[in-house]
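Take this structure, written in structure tokens, and hold onto it; I'll ask about it next.
The values are calculated or read from the model by the stated rules, or taken from the named source; none is laboratory data. Source: prediction; values computed, not measured. Because the Cβ atoms are built from the backbone with ideal geometry, glycine has one as well, and the counts that use them run over all protein chains shown. Accessible surface areas use protein heavy atoms only, side chains included; no ligands, DNA or RNA. Shrake-Rupley method; radii C 1.70, N 1.55, O 1.52, S 1.80 Å.
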Amino acid sequence: MFNHSSQPCVFDRDCAVVMIPSGDELTLPAGTVGYITQSLGGSFTVFVDGNLFRIAGADADAIGKEPVLPPTLPENASDDDVEKLVWSQMKTVYDPEIPVNIVDLGLVYSCELSKAEDGQRTVSVTMTLTAPGCGMGEIIVEDVRSKIKIIPTIEQVDVELTFEPLWNYQMMTEAAKLETGML
């Protein structure tokens with residue numbers, strides 16, 4: 001995963017990370033040296049001692065980067081504005097091993113929004129993974145949930161993981177296929 005475009009980094013402080021692809025949660029100590037191999041969607045993939053680790057955007061300062069700010073909505077945002085922001089937020093979720101967001105990968109099967117009388121909204125997402133045994137599955141699902149939940153007026157986010165139908169590369173957008181060399 002390390003390549004010539006990887007950016008060296010040193011951890012300024014202890015930092016919670018997730019090992020890729022197992023999904024194990026660990027803490028890398030201050031002083032750890034690594035290489036940033038991917039910085040998409042507000043999270044970072046770092047190569048350290050032969051392993052890949054995912055660092056959440058909120059912890060970006062640990063490797064000398066700016067923490068990711070939450071999204072905002074205009075005061076009188078319409079339902080369409082909120083739905084566009086939900087899809088935009090899902091496009092910031094990346095498979096840590098593939099430099100393509102989950103929407104363009106074709107992993108999101110459906111996304112439905114409903115609004116209560118008090119103006120609060122519920123979002124229901126049905127999605128899949130590129131492989132049923134992916135150790136990062138729960139991490140990706142939680143990433144979807146947390147990135148939607150921080151949108152103003154979103155009260156609840158339900159993410160259902162399914163493998164019916166199984167994902168295949170035909171579900172990718174043309175741009176994603178081009179990006180990954182599958183076109």
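Residue farthest toward the positive end of the dipole of the range 14-107, with Cβ of Lys/Arg at +1 and Asp/Glu at -1: which of Asn76, Ala16, Tyr35?
Comparing the listed Cα positions along the dipole, Tyr35 ranks first.
Can you work out the accessible area per residue across the chain, with the rest of the protein chains kept in place, probe 1.4 Å, in square angstrom?
Computed with neighbouring chains in place, this is 53 Å² per residue.
Pop out the ³J(HN,Hα) list for the range 163-173 in order, Karplus 6.51 cos²θ - 1.76 cosθ + 1.60 with θ = phi - 60°, rounded to Hz; leave Gly and Pro as x.
Along the range 163-173, the couplings run 10, 10, x, 5, 5, 8, 4, 5, 7, 6, 5 Hz.
For the chain, give the percent of accessible area contributed by carbon and sulfur heavy atoms, probe 1.4 Å, rounded to a whole number.
Summing carbon and sulfur atoms, their accessible area is 51 percent of the total for the chain.
In Å and whole numbers, how far do the C-alpha atoms of the range 1-78 stretch along each principal axis, longest first?
Principal-axis extents of the Cα atoms in the range 1-78, largest first: 49, 25, 24 Å.
If you don't mind, there's one more thing I want to ask. Using a 1.4 Å probe, how large is the accessible area of Leu166, given in Å² and rounded to the nearest 10?
Answer for Leu166: close to 100 Å² accessible.
State the label only: which of (i) 61, 52, 26; (ii) 65, 38, 27; (iii) 51, 37, 26 corresponds to Cα extents along the principal axes in Å computed from the shown model?
(iii)
Across all directions of projection, what mean area in square nanometres is found for the Cα convex hull of the range 134-183?
The number I arrive at for the range 134-183 is 4.9 nm².
Still on this structure: Taking 7 Å along the Cα-to-C-beta vector as the label spot, tell me the Asp12-Asp79 distance in nanometres, rounded to one decimal.
For the pair Asp12/Asp79, the computed spacing is 4.4 nm.
Need one number: % antiparallel among DSSP beta bridges in the range 58-169, to the nearest 5.
55 percent
Shifting gears a bit: Would you calculate a helix-derived [θ] at 222 nm for the chain, using -39,500 (n - 2.57) for each DSSP H run of n ≥ 4 and dividing by the full residue count, to the nearest 500?
It lands at -5000 deg cm²/dmol.
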